[in-house]
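The values are calculated or read from the model by the stated rules, or taken from the named source; none is laboratory data. Predicted model, so just to flag it, every value in this text is computed and none were measured. Cβ atoms come from the backbone with ideal geometry, glycine included; neighbour counts cover every protein chain shown.
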Amino acid sequence: MAGSVRAFFPGVRSAPTHVGGYSSRAPHFVLVEISAVCVSPLRVLTTLRKAEYTELAVLFFIQAAAMGIWFVPLGPVLDAHGLHAIKPFAFAASAVAAFVSPLIFGAMADRHTSPVKVLRGLALAAAAAMTLVSTAIKMNGHPWLVLALIQLYSLCSAPMWSISSTIVLARLEDAKKEFGPLRAMATIGWMTGCLLVSLLNADTSALAGYTGAVTWLMVAGFTFFLPILETPKSAEHLSWHERLGLDALTLLKNRDHRVVFITTTLFCIPLAAFYPYAPTHLRDLGLQHTSAWMSLAQVTEIIAMFSLGGLLLKWRLKWIFACGMGFGVLRFGLSAFNDRAGLLAGVALHGCSFALVFITAQIYLDQRVDTAWRARAQALMSLMNSGVGNLIGYLGTGWWFIACTRPTGTQWPLFWGVLAAVVAAVLVYFLAAYRGQKRGV
């Protein structure tokens with residue numbers, strides 16, 4: 001997904017997940033994510049009942065579809081209803097929620113609430129909020145009312161990926177082997193949501209929001225088929241400072257840790273232009289079903305995820321990082337040509353660029369950070385990327401878009417060209433500052 005993002009137990013060793021200090025009994029999330037690159041689904045089914053595995057896959061699929069149905073067409077919908085002025089703030093709402101959601105989720109855990117019930121309640125709230133947003137847009141409501149409702153939806157949806165991951169991990173026999181294909185189902189669900197929006201010809205319509213609301217109701221309904229998990233223990237009454245991972249700031253004393261955190265945060269800034277403005281450029285070039293075209297990014301994301309296994313055996317993490325950022329430079333550079341072929345190639349490259357940078361960052365934390373600090377390091381990275389990086393990125397690229405807009409239209413070569421230069425600068429900084437270790441990282 002390209003959210004940042006996005007985020008994230010019986011029978012396995014105890015270790016907290018990285019979101020909000022939530023206490024679970026699963027292997028660290030990063031170990032689970034790495035497995036996406038090298039595990040066959042057929043082998044998975046030898047350790048988990050087929051029906052149960054299908055159930056978990058469906059949960060990830062429909063939840064990711066609900067997220068994609070909303071997030072991808074959001075920019076075109078706002079533009080079509082004369083709300084382009086609030087577009088940067090509408091996307092930044094998800095970044096604001098990234099600051100708050102760990103606190104919300106931590107508070108829920110402290111109240112000894114089952115994750116399944118929490119997911120059900122938040123899915124219902126997200127459906128209601130999305131319905132209100134879509135109705136306000138359709139009825140030409142005041143821009144600030146629309147923005148407030150978008151923020152409400154973001155607060156409801158932000159914690160849900162970590163909650164659903166908790167539910168899935170609790171039912172896996174071997175999370176490191178079994179989680180990967182399930183995570184891929186989420187990417188496929190996101191793609192399916194995008195394609196559904198275009199199939200309904202709702203790329204610029206409030207119908208996209210209503211469709212998303214129905215999908216969230218499906219998520220809520222599906223939770224009734226999930227077993228109510230044992231209520232997790234309170235997160236040791238962690239403070240908000242600990243839930244946000246701020247106590248992990250001490251890790252920044254290490255040079256390489258500091259470089260990786262700074263690099264991923266800076267990389268988020270230009271990347272934030274993708275979902276708000278790539279659909280606008282597609283429409284300017286005469287491509288109408290923008291949500292479907294944007295799903296090209298998920299194709300290369302899946303390819304990159306399954307290629308990482310081989311790359312990890314052959315390359316140092318430094319060069320995988322560099323490759324991902326190099327794809328980032330190329331994707332913006334191709335978009336700057338201001339033609340269909342270049343822009344579509346740029347959209348496609350976004351997925352592999354995203355995966356090679358951010359999944360590699362998670363792998364780095366797993367390999368280089370002490371076990372006792374990994375959960376907090378992940379929480380801090382989530383805060384810096386989804387919160388700080390995306391907030392600056394959405395607002396900053398929104399300002400840059402306005403600066404590149406003329407009465408005759410948007411100067412797309414200038415817009416994307418400068419973003420390519422920013423990514424190139426981040427790449428140069430990383431190559432110059434990162435030292436790494438002699439073996440593998």
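When region 281-291 is examined, which residues are found to be out of contact with any Lys or Arg (no Cβ under 9 Å at 6 or more places or on another chain) and part of a helix (DSSP H, G or I)?
Just the residues of region 281-291 that are out of contact with any Lys or Arg (no Cβ under 9 Å at 6 or more places or on another chain), to begin with: 281, 283-284, 288-289, 291.
Within region 281-291, H281, R283, D284, S291 meet the criteria.
For region 302-322, does any single residue satisfy the condition of being under 27 Å from L395 (Cβ atoms), part of a helix (DSSP H, G or I) and among the hydrophobic types (A, V, I, L, M, F, W, C)?
Within region 302-322, one or more residues are under 27 Å from L395 (Cβ atoms), part of a helix (DSSP H, G or I) and among the hydrophobic types (A, V, I, L, M, F, W, C).
Could you list, in sequence order, the residues of region 270-280 that are closer than 15 Å to R331 by Cα and in a helix (DSSP H, G or I)?
Residues satisfying the conditions are P270, L271, F274, Y275, Y277, A278, P279.
Do we have L207 as surrounded by fewer than 24 Cβ atoms within 10 Å (Cβ to Cβ) and either closer than 27 Å to M305 by Cβ or at pLDDT below 95 (or both) here?
no
Has region 237-248 got at least one residue that is of a type in the set (D, E), part of a loop (DSSP other than H, G, I, E, B) and at pLDDT below 85?
No - not one qualifying residue is present in region 237-248.
Taking into account only those residues within region 254-279 that are closer than 16 Å to W70 by Cα and of a type in the set (S, T, Y), which is surrounded by the most Cβ atoms within 10 Å (Cβ to Cβ)?
Y277
Restrict the check to region 101-116 and report whether at least one residue is closer than 26 Å to M191 by Cα and surrounded by fewer than 24 Cβ atoms within 10 Å (Cβ to Cβ).
Within region 101-116, one or more residues are closer than 26 Å to M191 by Cα and surrounded by fewer than 24 Cβ atoms within 10 Å (Cβ to Cβ).
For G75, are the conditions met, namely being over 28 Å from F222 (Cα atoms), modelled with pLDDT under 95 and either surrounded by 22 or more Cβ atoms within 10 Å (Cβ to Cβ) or under 22 Å from the mean Cα position of the chain (by Cα) (or both)?
For G75, the condition - over 28 Å from F222 (Cα atoms), modelled with pLDDT under 95 and either surrounded by 22 or more Cβ atoms within 10 Å (Cβ to Cβ) or under 22 Å from the mean Cα position of the chain (by Cα) (or both) - is met.
Here is a yes/no grid of residues against (1) over 20 Å from T215 (Cβ atoms); (2) under 22 Å from the mean Cα position of the chain (by Cα); (3) of a type in the set (G, A, S):
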site	(1), (2), (3)
L145	yes, no, no
I150	no, yes, no
Y153	no, yes, no
I167	no, yes, no
A170	yes, yes, yes
L195	no, yes, no
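Checking V168 against (1) modelled with pLDDT of 90 or more; (2) of a type in the set (V, I, T); (3) buried (at least 23 other Cβ atoms within 10 Å of the Cβ); (4) touching a Leu at 6+ places or on another chain (Cβ under 6 Å): exactly one of these is not met. Which one?
Only one criterion is unmet by V168, namely (1).
Being touching an Asp or Glu at 6+ places or on another chain (Cβ under 8 Å), among the hydroxyl-bearing types (S, T, Y) and in a helix (DSSP H, G or I): is that true of T264 here? Spell out how you get there, then give the answer.
Working: touching an Asp or Glu at 6+ places or on another chain (Cβ under 8 Å): no; among the hydroxyl-bearing types (S, T, Y): yes; in a helix (DSSP H, G or I): yes.
Considered against the rule, which asks whether it is touching an Asp or Glu at 6+ places or on another chain (Cβ under 8 Å), among the hydroxyl-bearing types (S, T, Y) and in a helix (DSSP H, G or I), T264 comes out as no.
So which pairs qualify, if the first residue must be in region 157-184 and on the phi > 0 side of the Ramachandran plot, the second must be at pLDDT below 70, the Cβ gap must be under 9 Å, and the two must be at least 6 apart or on different chains?
Between residues of region 157-184 that are on the phi > 0 side of the Ramachandran plot and residues that are at pLDDT below 70, there is no close pair.
Yes or no, residue by residue, for (1) surrounded by 17 or more Cβ atoms within 10 Å (Cβ to Cβ); (2) hydroxyl-bearing (S, T, Y); (3) under 21 Å from P76 (Cα atoms); (4) touching a helix residue (DSSP H, G or I) at 6+ places or on another chain (Cβ under 6 Å):
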| position | (1), (2), (3), (4) |
| --- | --- |
| S291 | yes, yes, yes, yes |
| A297 | yes, no, yes, yes |
| L313 | no, no, no, no |
| K318 | yes, no, no, no |
| F321 | yes, no, no, yes |
| V329 | yes, no, no, yes |
| S335 | yes, yes, yes, yes |
| N338 | yes, no, yes, yes |
| A348 | yes, no, yes, yes |
